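A short write-up of the structure that comes next.
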Amino acid sequence: MADAAAASELRVLQVAGSATGGTRGHVRELAAGLAVDHRVILAGPEQVVVPGVHGARSHVVDITDRPRAQDAAVIGALRGLARRADVVHAHGLRAGALAALALTGLPVPLVVTLHNLPVGGPAVQAVAAGLERVVAARADAVLGVSGDIVDRMRGMGAAHVARALVPAPVRAPGPLDRDALDVGTAPLVLTLARLAPQKGLDLLLDTAALLADRVPDAVWLVAGDGPRRAELERAVADEALPVRLLGRRDDVPDLLAGADVVVSTAEWEGQPLWLQEALHAGAAVVATDVGGTREVTGPAARLVPYGDPDRLCSQIVSVLREPAVAEGLRAAARARAAELPRAHDALAQVLDVYRSVIG
């Protein structure tokens, strides 16, 4: 291990669970950055490792988001891949716990990045707590995407815990095609979200109903897809809400720059990449004050407690009706964006962590 620590080139095994969206992008971006100067294997489900990452070797390992009989084979596969690694870096709670079990008896350091808090009922929480204890006991370093995850893992006795840097891509916006969206000159409210329970979609609908009374000409655009889409479509139609479900979009920078106000209704967020993109786009942001959202936005957003549609709507109306408020938030967003981490910062962080645990 001393020889590996002294060498400039590291052998890194990156392990990902059933990651989607921002987590998948972060894992692949790290693998690509590391592969410039180091030997990297990216192991995980097909949707994470395919297409391959330039410079890295890909290995499909079917890590799912729930326990199953095939986990024993997953542990065996990870153990085989880890034998020649200088460090293993797992992303996600399930991937971290499986990597910890795979490394039993092997003198290979383990770094785990936790991207989410456990979400679900008592049974799910109990299983998750068990996996967290496995990670806390075996990992040489744990990175959490938000302060509450960092505090949680410290409380479980994890050896070295720090806040992960998970930067969003910086993409130049173009003009928003209002004709294609068929919104005319209506005030635009925008939310980007996977249509899943964690994103506070019931709060979004309740707030949209209030907004329809206070700003009747406003249109709330929701970009994204997910398991609750059909349910949301029914609710929007049944209640005649001013909400337009756009599905997946390729013009996210244009939407963020062109919206009058960008709104997050999430029940929990880690380091929301889309809000980082909103700040880079100079958007006026209103968001629920949950998880790591405040850590991302700093003072560049109007933050409200989760679960209060009236307060959330009031902040949205303030942005739509008061130009000074909107412009102040846009200026604050641009200033905050200059302080956000970039890809090279995340790469430097993990390399520092790797070298510290290799010793």
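The values are calculated or read from the model by the stated rules, or taken from the named source; none is laboratory data. All figures in this text were calculated on a predicted structure; none of them were measured in a lab. Note that we place each Cβ from the backbone using ideal geometry, even for glycine, and neighbour counts take in every protein chain shown.
A few points about this structure:
- Matching residues in region 108-127 - criterion: being assigned to a loop (DSSP other than H, G, I, E, B) and farther than 19 Å from residue 269 by Cα: 108, 109
- Strands (runs of 3 or more DSSP E) contained in region 1-107 and holding at least 2 residues in contact (Cβ under 8 Å) with a residue 24 or more places away in the chain and hydrophobic (A, V, I, L, M, F, W, C): 11-16, 39-44, 87-91
- Scan of region 41-65 for residues that are within 19 Å of residue 76 (Cα to Cα), buried (at least 17 other Cβ atoms within 10 Å of the Cβ) and among the aliphatic types (A, V, I, L, M), ordered by number: 41, 42, 43, 49, 61, 63
- Test set (1) buried (at least 16 other Cβ atoms within 10 Å of the Cβ); (2) in contact (Cβ under 8 Å) with a residue 12 or more places away in the chain - residue 202 fails condition number: (2)
The rows are residues; the columns are (1) farther than 17 Å from residue 350 by Cβ; (2) within 20 Å of the chain's Cα centre (by Cα).
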{"position": "37", "(1), (2)": "no, no"}
{"position": "43", "(1), (2)": "no, yes"}
{"position": "55", "(1), (2)": "no, no"}
{"position": "58", "(1), (2)": "yes, no"}
{"position": "65", "(1), (2)": "yes, yes"}
{"position": "78", "(1), (2)": "yes, no"}
{"position": "84", "(1), (2)": "yes, no"}
{"position": "89", "(1), (2)": "no, yes"}
{"position": "104", "(1), (2)": "yes, no"}
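- Residue in region 104-116 that is surrounded by 13 or more Cβ atoms within 10 Å (Cβ to Cβ), in contact with a strand residue (DSSP E or B) (Cβ under 8 Å, 6 or more places away or on another chain) and over 19 Å from residue 16 (Cβ atoms) present: no
- Residues satisfying the stated conditions in region 280-315, i.e. assigned to a helix (DSSP H, G or I), touching a Ser or Thr at 6+ places or on another chain (Cβ under 7 Å) and not acidic (Asp, Glu): 293, 309, 312, 313
- Filter result for residue 215 (at pLDDT 95 or above, under 27 Å from the mean Cα position of the chain (by Cα) and within 19 Å of residue 309 (Cα to Cα)): no
- From 189, 166, residue being touching a His at 6+ places or on another chain (Cβ under 8 Å) and within 20 Å of residue 282 (Cα to Cα): 166
- The residue that is farthest from residue 208 (Cα to Cα), among those in region 316-326 that are assigned to a helix (DSSP H, G or I) and free of Cβ contacts under 8 Å to residues at least 12 places away in the same chain, is 324.
- Taken over region 218-249, the criterion of being small (Gly, Ala, Ser), surrounded by fewer than 16 Cβ atoms within 10 Å (Cβ to Cβ) and within 19 Å of the chain's Cα centre (by Cα) is satisfied by 247 alone.
- Residues within region 263-300 that are more than 11 Å from the chain's Cα centre (by Cα), among the hydrophobic types (A, V, I, L, M, F, W, C) and farther than 14 Å from residue 170 by Cβ, tallied: 9
- Scope region 204-217; condition out of contact with any Asp or Glu (no Cβ under 8 Å at 6 or more places or on another chain) and under 30 Å from residue 119 (Cβ atoms); matching residues: 204, 206, 207, 208, 211, 212
- Test result for residue 120, surrounded by fewer than 17 Cβ atoms within 10 Å (Cβ to Cβ), without any contact (Cβ under 8 Å) to a residue 24 or more places away in the chain and within 22 Å of residue 153 (Cβ to Cβ): yes
- Any hit, region 115-125, residues being under 23 Å from residue 149 (Cβ atoms) and at pLDDT 95 or above: no
- The listed residue being modelled with pLDDT of 95 or more, over 27 Å from residue 116 (Cα atoms) and either hydroxyl-bearing (Ser, Thr, Tyr) or in contact with a strand residue (DSSP E or B) (Cβ under 9 Å, 6 or more places away or on another chain) (or both), out of 300, 326: 326
- Where residue 91 falls short, out of the listed (1) surrounded by fewer than 24 Cβ atoms within 10 Å (Cβ to Cβ); (2) modelled with pLDDT of 95 or more; (3) touching a strand residue (DSSP E or B) at 6+ places or on another chain (Cβ under 7 Å): (1)
- Selected residue (criterion: farthest from the chain's Cα centre (by Cα)) from residues of region 117-167 that are among the charged types (D, E, K, R) and over 23 Å from residue 359 (Cβ atoms): 133
- Residue in region 172-185 that is among the aliphatic types (A, V, I, L, M), in contact with a Lys or Arg (Cβ under 7 Å, 6 or more places away or on another chain) and not in a helix (DSSP H, G or I) present: no
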